[in-house]
Amino acid sequence: MTTQKYDVLVIGAGPSGSVAASYLHNNGIKVKVVEKTKFPRFVIGESLIPRVMDNFQEAGLLDCVMDKGFEKKFGARFIRNNKEFCLFDFSEKYGEGWSWTWQLPRADFDNELIQECIRKGVDVSFETEVIDVKFNGKKSTTTIKDKDGQISEIEANFIIDSSGYGRVLPRLLNLSQPSTVTENSSIFTHVKETNRPVKGRREAMTITFDILETKVWIWVIPFSNGNTSLGVVGPTSYINSLHEDPAEALRIAFRQSDEYRDRFEGYEFLFEPKKIENYSCAVKEMCGPGFTLTGNSAEFLDPVFSSGVCFATESGLLSAKLYLKEHNGEEVDWQAEYADYIQRGVRTFATYVKEWYTGNLQTLFFHRPENPEVKEKICSVLAGYVWDLSNPFVKKHDSAVKNLAYTLQMQEQE
């Protein structure tokens, strides 16, 4: 059996793994990436938020995607009952930070990121599965199997698990635990729009969340290549009640939308709609001697505010930076500097997800007249700047939304 030695093993070649690998390679660290699938590959999570731009830039991966023609995302639109609208413009958010990002097919985007890592000289193995990991202190020996069934080992000083829904280390080390977020499910697919609205292009191309019921909503994410991502999200019992056939269930959901019923009626789906049940997940710990868990391998909340790639790149980059710090002889408190930091952001976003499904956040979105100061602070959260404690809607996230929604509801009853 052959054995390869590296400073860091990165499991997974998605945005988290690419960011981590690129940053480490740029700083002289010998890094290996193993990826179970063959790229390009389909993955959900097609709407980014501005905070990811900071992470791509710091990892040296922004320039390689700047000129690829992906659809720019300047904000997000929320609608209800075809008469209530709320538009968040990232250029009008609280604090500093990027005012735009992208909405895009992840197969193309993720492939461009990892190919840039390969061009830099990062050693990447696709169609390679991790089948076992053993730790000896912080050092590890990982057993892998390639597409031809060949078994080999990788010895590393550190592992960054960016395996996403594969959740390699949580599975092998028994680290998984139930999420605190409501159990929901989703059905989604793509269509090729041949009659996309021309008038008001920016509105037609803006990612939109259409609320069918308080806990049920559909997404519409147009791409620059003419395709559009369509999905429905709701409690698992509701999603299962629509229809046993995912394709028909998705059509039934979109027929309930006054906004999109006509726009997408009759389109053929580009692939059989996929269904993911009870997608939220969490872990007992985000790091341990010799490893970190990043992105969806650690925790996934909900697609409603597109936070997945943000947490993936934030945690992937931070893992790489802290490993480099430790490699250079500095002391690292992984719990405080990594796990606690990431969890602060996760808890903030989790509050907004929960308050979305209670209806409290929707009360704030659709209340008129709008409060510009409140809106810009919430906009900053939706842009991914959930570690900015100067924002009271971050610092007091567990009470700010709930208390303000209660006040507005009481005013409406007077």
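Out of Glu46, Glu58, report the one residue that is modelled with pLDDT of 95 or more and surrounded by fewer than 24 Cβ atoms within 10 Å (Cβ to Cβ). Let's see the steps before the verdict.
On the way: Glu46 fails: surrounded by fewer than 24 Cβ atoms within 10 Å (Cβ to Cβ).
Exactly one residue qualifies, and that residue is Glu58.
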Handout entry: Of all residues in segment 205-215 being among the polar types (S, T, N, Q) and in a loop (DSSP other than H, G, I, E, B), the one that is surrounded by the most Cβ atoms within 10 Å (Cβ to Cβ)
Key = Thr206
Completion exercise
Wholly inside segment 71-180, strands (runs of 3 or more DSSP E) that include 2 or more residues that are loosely packed, with under 14 Cβ neighbours inside 10 Å are 129-136
Completion exercise
Given (1) touching a helix residue (DSSP H, G or I) at 6+ places or on another chain (Cβ under 6 Å); (2) closer than 30 Å to Ala204 by Cα, Gly316 misses just (2)
Fill in the blank from the handout: In segment 33-69, residues that are more than 22 Å from Ile221 (Cα to Cα), in a loop (DSSP other than H, G, I, E, B) and among the β-branched types (Val, Ile, Thr) total 1
Practice task
Evaluate the following for Gln409: is it surrounded by fewer than 13 Cβ atoms within 10 Å (Cβ to Cβ) and over 27 Å from Gly295 (Cβ atoms)?
Solution key: no
Completion exercise
Among helices (runs of 4 or more DSSP H) completely within segment 216-269, the ones holding 1 or more residues that are more than 20 Å from Glu46 (Cα to Cα) and at pLDDT below 95 are 236-242, 261-264
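Do you know which residues across segment 147-160 are among the charged types (D, E, K, R) and more than 17 Å from Lys5 (Cα to Cα)?
If the condition is that a residue be among the charged types (D, E, K, R) and more than 17 Å from Lys5 (Cα to Cα), then Lys147, Asp148 are the ones that fit.
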Practice task
For Phe264, indicate whether it is in contact with a Pro (Cβ under 7 Å, 6 or more places away or on another chain), within 28 Å of Glu203 (Cα to Cα) and not assigned by TED's automatic domain parsing to the domain that holds Ser47.
Solution key: no
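Scan Glu272, Glu330, Glu268 and give me the residue that is of a type in the set (Asp, Glu) and touching a helix residue (DSSP H, G or I) at 6+ places or on another chain (Cβ under 8 Å). Reasoning before the result, please.
Values: Glu330 fails: touching a helix residue (DSSP H, G or I) at 6+ places or on another chain (Cβ under 8 Å); Glu268 fails: touching a helix residue (DSSP H, G or I) at 6+ places or on another chain (Cβ under 8 Å).
Step by step, each of Glu272, Glu330, Glu268 is checked, and only Glu272 is of a type in the set (Asp, Glu) and touching a helix residue (DSSP H, G or I) at 6+ places or on another chain (Cβ under 8 Å).
Against the condition crowded, with 24+ Cβ neighbours inside 10 Å, more than 20 Å from Val381 (Cβ to Cβ) and of a type outside the set (Val, Ile, Thr), how does Leu293 come out, does it pass? First the steps, then the outcome.
Working: crowded, with 24+ Cβ neighbours inside 10 Å: yes; more than 20 Å from Val381 (Cβ to Cβ): yes; of a type outside the set (Val, Ile, Thr): yes.
Yes.
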Problem - Unique match (being touching a Lys or Arg at 6+ places or on another chain (Cβ under 9 Å), under 26 Å from Asn27 (Cβ atoms) and without any contact (Cβ under 8 Å) to a residue 40 or more places away in the chain) among Val332, Val309 - result: Val332
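Listed here are the residues, each with its yes/no results for (1) over 13 Å from the mean Cα position of the chain (by Cα); (2) in the same structural domain as Pro392 (by TED's automatic domain parsing); (3) buried (at least 21 other Cβ atoms within 10 Å of the Cβ).
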{"site": "Lys284", "(1), (2), (3)": "yes, no, no"}
{"site": "Cys287", "(1), (2), (3)": "yes, no, yes"}
{"site": "Ser306", "(1), (2), (3)": "no, no, yes"}
{"site": "Val309", "(1), (2), (3)": "no, no, yes"}
{"site": "Lys321", "(1), (2), (3)": "yes, no, no"}
{"site": "Asp340", "(1), (2), (3)": "yes, no, no"}
{"site": "Lys354", "(1), (2), (3)": "yes, no, no"}
Handout entry: Subset of segment 357-414 (residues that are farther than 21 Å from Lys93 by Cβ and either within 24 Å of the chain's Cα centre (by Cα) or among the aromatic types (Phe, Trp, Tyr) (or both))
Key = Tyr357, Thr358, Gly359, Tyr406
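Mind telling me which of the residues Leu382, Leu404 ends up being modelled with pLDDT of 95 or more and more than 30 Å from Phe291 (Cβ to Cβ)?
On the way: Leu404 fails: modelled with pLDDT of 95 or more.
On inspection, the qualifying residue turns out to be Leu382.
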Exercise for the section: Sort through Val52, Val8, Val31 and tell me the only one that's modelled with pLDDT of 95 or more, in contact with a His (Cβ under 7 Å, 6 or more places away or on another chain) and either of a type outside the set (Gly, Ala, Ser) or surrounded by fewer than 17 Cβ atoms within 10 Å (Cβ to Cβ) (or both). Expected result: Val31
Problem - Scope segment 11-31; condition in a strand (DSSP E or B) and either over 23 Å from Asp146 (Cβ atoms) or in contact with a Lys or Arg (Cβ under 9 Å, 6 or more places away or on another chain) (or both); matching residues - result: Ile11
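The values are calculated or read from the model by the stated rules, or taken from the named source; none is laboratory data. Predicted model only: the values in this text are computed from it and were never measured. Using ideal geometry, Cβ is built from the backbone for each residue, glycine included, and neighbour counts are taken over all protein chains shown.
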